[in-house]
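Contents: one structure, followed by commentary.
Any read-out appearing in this document is the output of simple, stated calculations on the displayed coordinates, not a laboratory observation. Source: prediction; values computed, not measured. We place every Cβ from the backbone using ideal geometry, glycine too, and count neighbours over all the protein chains shown.
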Amino acid sequence: MDPAKRASVGTRVEEQVKDWLRYGEELGLGPYYRDRAPSHQPSEPASIETAESAPAKMAPAAVVRRAPVAALSAASAPKSAPSPNPAAAAAPAIVAPASLPSLFESIDRIVDDTLARIREDIGDCTRCKLHKGRTNIVFGVGNPKAELLFVGEGPGHDEDIKGEPFVGRAGKLLTQMIEAMNLRREDVYIANVVKCRPPENRLPEKDEITTCSPFLMRQIDVIKPKVVCCLGSCAAQTLLQTTQGISRFRGEWFDFRGAKLIATYHPAYLLRNPPAKSEVWKDLQKVMAVLGLQPRKR
Ligand code: SF4
């Protein structure tokens, strides 16, 4: 083949590979971006570093599994998203440096805190740059005594307009998921890691997460859910203080601030990849088992 033509084909193939990697990154499939050069991941908060998580990064895997629920963990389904990288696939799924507390375990709990007080403290917040583009602060919605709390990453366009989390297409799917668990949307609580919409629906950045997520921690402390279900990699990585992709620990149980925490895929991902719904349903069934729920009868 003509050398110039071969170079052109090579460039096209490289671009296609980059597109796939970018797509995997958007889906939160860690192993894709974990093995990529930093220049390919400008908006992915792959490394959520804090003073306390830094030592954990020294370990080969940074997820801190605190007092795992053995029986439930044993029942975990096998992972559905195999790593395209054999080396990454061979790495241990979870390493548990149990002596390292999660950042949020160490945040002081506020005595007699309430959701109203948290909202009051947020006020007309300008603590991070996300305030510049927001229409409404999306605080959270649902039963203040919910046993089940869903956590997403941040508001999108519809949520920003309405001031309520998960009201767009992904929100409708989340509502269907909740109803399939034989619950109503108003039975659970729904919140996000950041309370203002990131521009262009990008992922929240590290400084924004660091600034805003303490409000979420206070909400969790006040609501005291039995189960926290993280929707997508941003929420899971933030609460578990890990840089691992969600596919590495999706469906596993962790202890978190007195609750049991599980991570599953974001409903927006399911809209793009409907076959993954079966994996999410397995995760939700684990949640139902903990909460003593039976699936809704059709
Ligand atoms: Fe404040 Fe959170 Fe909004 Fe940032 S995202 S401006 S910290 S409420």
Using the structure shown, decide if Leu149 is crowded, with 19+ Cβ neighbours inside 10 Å, more than 16 Å from the ligand (Cβ to nearest atom) and under 18 Å from Thr238 (Cα atoms). yes
When region 117-137 is checked residue by residue, the ones that are part of a helix (DSSP H, G or I) and within 6 Å of the ligand (Cβ to nearest atom) are Ile122, Leu130, His131
Got a number for residues in region 210-238 being away from the ligand (no atom under 16 Å from the Cβ) and under 21 Å from Pro198 (Cβ atoms)? 6
Would you mind telling me which numbered condition in (1) surrounded by fewer than 20 Cβ atoms within 10 Å (Cβ to Cβ); (2) in contact (Cβ under 8 Å) with a residue 24 or more places away in the chain; (3) of a type in the set (S, T, N, Q) Asn192 fails? (1)
In region 218-231, residue surrounded by the fewest Cβ atoms within 10 Å (Cβ to Cβ) [restricted to those that are in contact with a helix residue (DSSP H, G or I) (Cβ under 7 Å, 6 or more places away or on another chain) and not β-branched (Val, Ile, Thr)]: Lys226
Of the conditions (1) closer than 16 Å to Pro144 by Cβ; (2) part of a helix (DSSP H, G or I), the single one that Asp207 does not satisfy is (1)
Every residue from region 216-242 that is touching a Gly at 6+ places or on another chain (Cβ under 9 Å) and part of a helix (DSSP H, G or I): Leu216, Gln219, Ile220, Asp221, Ile223, Ser233, Cys234, Ala235, Ala236, Gln237
Return the residues of region 279-298 that are in a helix (DSSP H, G or I) and in contact (Cβ under 8 Å) with a residue 24 or more places away in the chain; say none if nothing qualifies. Glu279, Val280, Trp281, Lys282, Asp283, Leu284, Lys286, Val287, Met288, Ala289, Val290, Leu291
Cβ-Cβ distance below 6 Å, separation of 6 or more or different chains: which pairs start in region 113-128 with a residue that is over 11 Å from Phe139 (Cβ atoms) and end on one that is within 10 Å of the ligand (Cβ to nearest atom)? Arg127/Thr211; Cys128/Glu208; Cys128/Thr211
So which of Asp283, Asp255, Asp207 ends up being within 16 Å of the ligand (Cβ to nearest atom) and either within 20 Å of Gly171 (Cα to Cα) or not hydrophobic (A, V, I, L, M, F, W, C) (or both)? Asp207
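With more than 11 Å from the ligand (Cβ to nearest atom), within 15 Å of Leu231 (Cα to Cα), surrounded by fewer than 14 Cβ atoms within 10 Å (Cβ to Cβ) and of a type outside the set (S, T, N, Q) as the only criterion, which of Arg109, Arg184, Arg169 stands out?
So the residue among Arg109, Arg184, Arg169 that is more than 11 Å from the ligand (Cβ to nearest atom), within 15 Å of Leu231 (Cα to Cα), surrounded by fewer than 14 Cβ atoms within 10 Å (Cβ to Cβ) and of a type outside the set (S, T, N, Q) is Arg169.
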